[in-house]
1. Using a Gaussian network model of chain B whose springs link C-alpha atoms within less than 10 Å, name the residue from B:Thr77, B:Thr155, B:Thr222 with the highest mean-square fluctuation.
2. Hey, got the Cα dimensions of the protein assembly as shown along the principal axes, in Å, largest first?
3. Helix B:134-159 versus the longest principal axis of chain B: what angle, 0 to 90°, nearest 10, using Cα atoms?
4. Work out, step by step, the length gained on full extension between A:Lys288 and A:Glu195: first 0.36 nm times the residue separation, then minus their alpha carbon distance; give nm to one decimal.
5. Run through every distinct alpha carbon pair of region A:197-353 and return the Kirkwood hydrodynamic radius in angstroms, one decimal place.
6. Between B:Leu163 and A:Arg239, what is the label-to-label distance in nm when each label sits 7 Å out along the Cα-to-Cβ direction?
7. Put +1 on the Cβ of every Lys and Arg and -1 on every Asp and Glu Cβ in chain A; which of A:Gln356, A:Val143, A:Ala33 then has its Cα farthest towards the positive end of the dipole?
8. Using the Cα centre as the reference, give the magnitude of the dipole from point charges on the C-beta atoms of region A:229-379 (Lys, Arg: +1; Asp, Glu: -1; all else neutral), rounded to the nearest 20 debye.
Amino acid sequence: MKHLILLLIAALLLAGCWNYREIDNLAIALGLAVDKGEGDSYIVTVEIINLEGAGPESEFKPTTVQAQSDTIFGAIRRLITVTGKKLYWAHAKVVIISEEIAREGILPILDFVQRDAEIRSDVWLLVSKEETAAEILASTPLVESSISQQLSQILQHHAPEPKSIPEELWNFMQKLTAPGIAPVIATVGLVEQGEEKLTRIKGVAFFRRDKMVGWLDGKESLALSYLLNESISGLIVLRYEESGLTAQITYEVVGNKTEFQPFIKDDQITMGIVTNLQVILAEVANQKVDFSQPSVRSKLESDLAEHLEELMKRTIIKLQQYNSDAVGLGSVLRRRDPEAWKLVADDWPAVFGSLQTDIRVKPVIRASALVSKPIEMRD
Amino acid sequence: MKLEVLSEQQAISLMVLFISGSAVVLSIGGQAGGDIWLAVILSGLLALPIVTVYARLHSLYPHYDAFQIIIVIFGNTFGRLICLVYTWFAFHLGALVLRNFGEFIITVGLEETPQLFPVTLFALLCLWIVKEGIEVLGRWSNFFFRFAIIIVLITTALALPELNMDHFRPFLFNGIMPVLQGTANVFAFPFAQTIVLWLAFSGFQKRSSPYRIYWLGILMGTLVILIITTLVVAIIGVEIYKHSYFPAYIAIARLNIADFVQRLEIIVAIMFIISSFVKVSTCLLATCKGVAAITNFHDYRFTVTPITLLMISTSYFLFDDIMQMLFWAQDIWPIYAFPFQVILPIIVLIGGEYRAKSLKKQ
């Protein structure tokens, strides 16, 4: 009797789940693109995958749907009237924001993304360089089966060719709330290849608070990556010239570490920046360049240092023009010299705008791949 | 009444799980900012003298449980009054933890499920174990303590690449005051809540020292809280730690080892369920023993079912929403709990010393 009652109770409890969701009643959302509509409204475009067919032959087909409303969540709910299914967000990969919205401030958008328990905080953020963000989702995925996955793959494997700085949502929010650092978001544009439009991620948009203020191109974002101590590799191509000998040299960065040291003299803050790079010679186009010679190597190193110092300087000056401390010099000051930071904290963007920097790059050529000496050609 | 006894190891496991309770998922001590680790250590140290009071009372009256001690010391009327106050405290705390559990479930997982449903199922299990007695609870804790330790170690190991120690710099940026505020907060919740354990314990096996139990319990509990808060702040930073309801959940959700080991939040949920089960059960046990002591019954078991049902409904109408719950846990609790957790135990100890001396003279 006792067992029977227990069984009955178990049957009551195990019979089902209140929040159950069947997979064929869900549309799995992969990517979200937000554009400005008329007035105060937003146009929300979502890439969803749909299960087609049944059994082993079933196939996931990506498609995009669009809705307009005054709030993001409102528009997303309105999508049900189009899809007939509730969207499931736990697999969302990317959130693309149009430039117009980025310039107005993206916190209203991020509030929903951050607040919703289903969207994971590791979605990638992107700012569209095209007219609208929706265009990006309409382009052709080349390798992956959907454009959102394609973008996510590109961002994940950006380290060998770091022309941009991928930011996940949580990282953006962290920089937004932390004192003395401004966030950046990678930018995505389209390139035409034949009849197809393909995405290309290059450069970053930099922000002041949650408002986008400007762009950095690919080279400048590389410089910013080194300043931010991102763990990246990256190629730098320079022209070598010495006593009539010219060659294109490709350096591959295999290790980077930037250290900061603030100096204060007469109430004037100077930020000392030292970037240590470990590079290997990845490609030497002219075999007459004898990199086994120490003198040649030191010339190669100083060329690289000069080039990068100039690039970093240019990048910081550009950021300073917009008072956007994307390098996080403020947070460095806060860590290293809290007392000095307290004096300038309230006015940091302006102080950053006129901050002196002293940039040194110290590259060390570690290796030259498999080749120890240039190949000598003989007839 | 037969005294139900715990072994030293069981008591310590029970204590560590009790301390981890809801503290591992709620954000505690956020006031201290980047110096939160210091606040946790300080409040752990601060808790040592308080638990010494309980241990001293145990060793003064080794054959009684806490409510009996209070009645022996203060006599029938006044002693019963203090018992009543403590019964309320344990009951209220149990309802709060139950509510934390309910909010956690409906916020992170089952948004459309009525909160009462998971809470009731959970409380029914607590009812069962409390009916079985503290020895079963002790054995249960001893068994699941290993899981808790393994969970903490695994998450620590997996979190290593995500840690950013810059969140702790600079040291004491806003001076010592915020750290002290954070200390007061962490001291009140969870460390000083161990008073409920004192109420629930009825005795230990022969040759085990109550001092060692309480001290080791507090030290290991501090260690667990320290590891978890430090990990969480190092992953998500101070600002997000302060602004989220369940920071540990957010932090562990971020772990991703090569796309292979990911979505580990469930680990936090498991840890939370294990430890808050112990916490609710202990509170329930203390309440039932309190009621039995006040009404002069020898066995508390017949009170368990009605009190559990009462606790479920209390947890339901304590707050309107999660915002109120967090406000209470962070801002009101330290003030509300101070008399229960610090002042009353000291009064009981003074009375106990005096009474023990006069008993000896006789």
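Please treat every number below as a calculation from the coordinates, not as lab data. Keep in mind it's a predicted model, so treat the numbers as computed, not measured. Cβ sites come from the backbone with ideal geometry, for glycine too, and all protein chains shown count toward neighbours.
1. B:Thr77
2. 113, 66, 56
3. Approximately 20 degrees, to the nearest 10.
4. On the way: separation 93, 0.36 × 93 = 33.48 nm, distance 4.32 nm.
Residue separation times 0.36 nm, minus the Cα-Cα distance, leaves 29.2 nm.
5. Final number for the Kirkwood radius of region A:197-353 is 17.6 Å.
6. In this crude label model, B:Leu163 to A:Arg239 measures out at 4.9 nm.
7. Farthest along the dipole direction, towards plus: A:Gln356.
8. About 280 debye.
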